[in-house]
1. In the range A:38-63, how many residues are without any contact (Cβ under 8 Å) to a residue 60 or more places away in the chain, within 17 Å of residue A:259 (Cβ to Cβ) and within 14 Å of another protein chain (Cβ to nearest Cβ)?
2. How many residues are at positive phi and surrounded by fewer than 21 Cβ atoms within 10 Å (Cβ to Cβ) when one looks only at the range B:178-225?
3. Which residues, counting only those in the range B:110-146, are in a helix (DSSP H, G or I), over 22 Å from residue A:125 (Cβ atoms) and facing another protein chain (nearest Cβ under 7 Å)?
4. Restricting the first residue to the range A:65-85 and requiring it to be more than 7 Å from every other protein chain (Cβ to nearest Cβ) and touching a residue at least 12 places away in the same chain (Cβ under 8 Å), which pairs with a second residue that is in a helix (DSSP H, G or I) and surrounded by fewer than 18 Cβ atoms within 10 Å (Cβ to Cβ) meet a Cβ separation below 6 Å and a spacing of at least six or different chains?
5. If residue B:147 satisfies every condition in (1) modelled with pLDDT of 95 or more; (2) under 15 Å from residue B:95 (Cα atoms) but one, which is the exception?
6. Being touching a residue at least 40 places away in the same chain (Cβ under 8 Å) and within 10 Å of chain A (Cβ to nearest Cβ): is that true of residue B:95 here?
7. Looking at (1) within 24 Å of residue B:59 (Cα to Cα); (2) touching a helix residue (DSSP H, G or I) at 6+ places or on another chain (Cβ under 6 Å); (3) at the interface with chain A (Cβ under 10 Å from one of its Cβ atoms), which is the one condition that is false for residue B:216?
8. For residue A:190, which of the numbered conditions (1) under 18 Å from the mean Cα position of the chain (by Cα); (2) not in a helix (DSSP H, G or I) fails to hold?
């Protein structure tokens with residue numbers, strides 16, 4: 001999906017909702033089998049129930065890998081199923097990153113073989129660990145300022161020039177990456193910082209996790225994260241647990257749909273002018 | 001494997017060689033099929049050929065994932081096969097790391113389900129992203145100072161106190177992690193820095209990549225990375241491509257064995273007293 005197509009889908013639907021797929025055997029309705037088959041059915045149910053309100057889906061690879069090799073079979077089935085939704089941007093939430101020849105292999109597997117539109121990547125190993133993910137027709141989504149408490153440990157440590165590490169990381173992203181192929185992860189719990197990051201990176205989409213369980217807020221994210229006036233919304237706001245586990249029994253899909261609708265309504269309400 | 005068992009295996013064999021398994025279809029002998037079956041047979045061949053000289057094996061997950069879901073089937077078979085070598089420490093080179101509930105799932109999949117002794121992890125998201133990997137009876141191996149050129153981009157940026165970011169990361173590891181369950185990645189190309197890191201972290205094993213193709217040197221690594229005098233060697237030195245692709249035809253295993261022997265001899269020659 002190109003940037004123009006993504007923006008068109010967002011504007012048409014007036015939604016920036018990304019539905020995170022975190023299939024957790026301990027939380028899924030008991031009617032599903034506790035295996036990869038159950039995981040696939042559960043994910044399909046969430047996808048069907050929320051597609052109307054979402055513009056993106058984000059399977060979290062860890063939850064699939066927790067099943068061992070069967071998890072990757074399930075992931076492949078979910079990735080295939082997502083191909084039935086060509087107007088939804090697919091994100092493999094994988095946080096990969098390694099030396100160049102190795103990152104290239106992750107890109108091959110997750111973007112080409114599994115056919116995801118995009119993959120999340122981690123920057124600790126620097127430029128040569130990130131570059132291989134920008135392959136033709138695909139996107140990479142690099143960690144910037146994350147929503148968890150651990151963001152304080154390194155990302156928000158001060159550098160020699162008194163600016164935070166994450167600000168230096170953003171400078172590098174501005175220099176290294178094109179907004180046509182790269183997005184940046186900025187946590188919903190960091191809306192004050194998000195404003196400044198938007199100044200640094202005026203044109204990159206932000207993938208914004210941390211809503212719901214982590215305490216982020218749609219109004220502030222839309223205000224802080226949008227592209228500069230008149231150029232569109234500029235964020236994808238992810239909700240995972242609050243949607244996947246909105247209901248606890250066989251009505252989980254109905255509950256997920258209702259929660260996605262609620263978020264969509266809130267997004268529309270605060271849609272930036 | 002406990003720290004004491006690992007040290008015993010190292011001392012008994014007088015080896016710190018870790019053989020990295022990077023099965024690359026484009027480099028494997030033509031006699032292997034270009035699929036997961038071929039990958040498994042190739043890896044088994046390398047393992048059999050080098051086990052005598054190695055104390056650890058390190059499958060690089062990217063090379064498996066490049067095959068899509070079949071890659072994880074192959075990975076499971078290789079992980080099973082490694083169970084036949086209980087005196088060899090197994091490392092899933094995965095560079096994972098995410099918010100706590102997600103890291104926990106990676107740990108479950110790779111350490112429990114796939115039964116690796118250890119997993120490599122990336123620190124950008126901080127303490128809560130790392131802690132879940134330290135599960136009972138297993139190890140986590142955290143990125144410290146890597147061997148690639150990208151280490152200069154962030155790891156070797158100066159902080160407010162004029163020290164490098166990676167030095168702060170090492171301080172955190174000292175505070176957060178036990179040498180009974182944690183190792184640190186320090187590139188072979190950084191032997192000058194390795195000396196200082198050894199001062200900071202006197203008791204942690206270092207996993208040292210970057211030999212061969214990346215230009216590291218065994219003599220310097222053993223000198224810089226060993227535990228303080230009389231307490232043992234303190235490093236695992238990894239070689240991947242230089243062993244896996246020592247030969248280019250059906251004699252690949254023989255060539256791998258020869259290269260592993262050569263590295264083992266060099267390790268013994270420079271064994272610290």
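1. Residues that pass the stated criteria total 0.
2. The number of residues fulfilling the criteria is 2.
3. Within the range B:110-146, just B:113 meets the criteria.
4. Cβ pairs passing all conditions: A:81/A:44.
5. (1)
6. Yes: the conditions hold for residue B:95.
7. The one condition residue B:216 does not meet is (3).
8. It is condition (2) that residue A:190 fails.
The values are calculated or read from the model by the stated rules, or taken from the named source; none is laboratory data. All figures in this text were calculated on a predicted structure; none of them were measured in a lab. Heads up, the Cβs are rebuilt from the backbone with ideal geometry, glycines too, and the neighbour counts pull from every protein chain shown.
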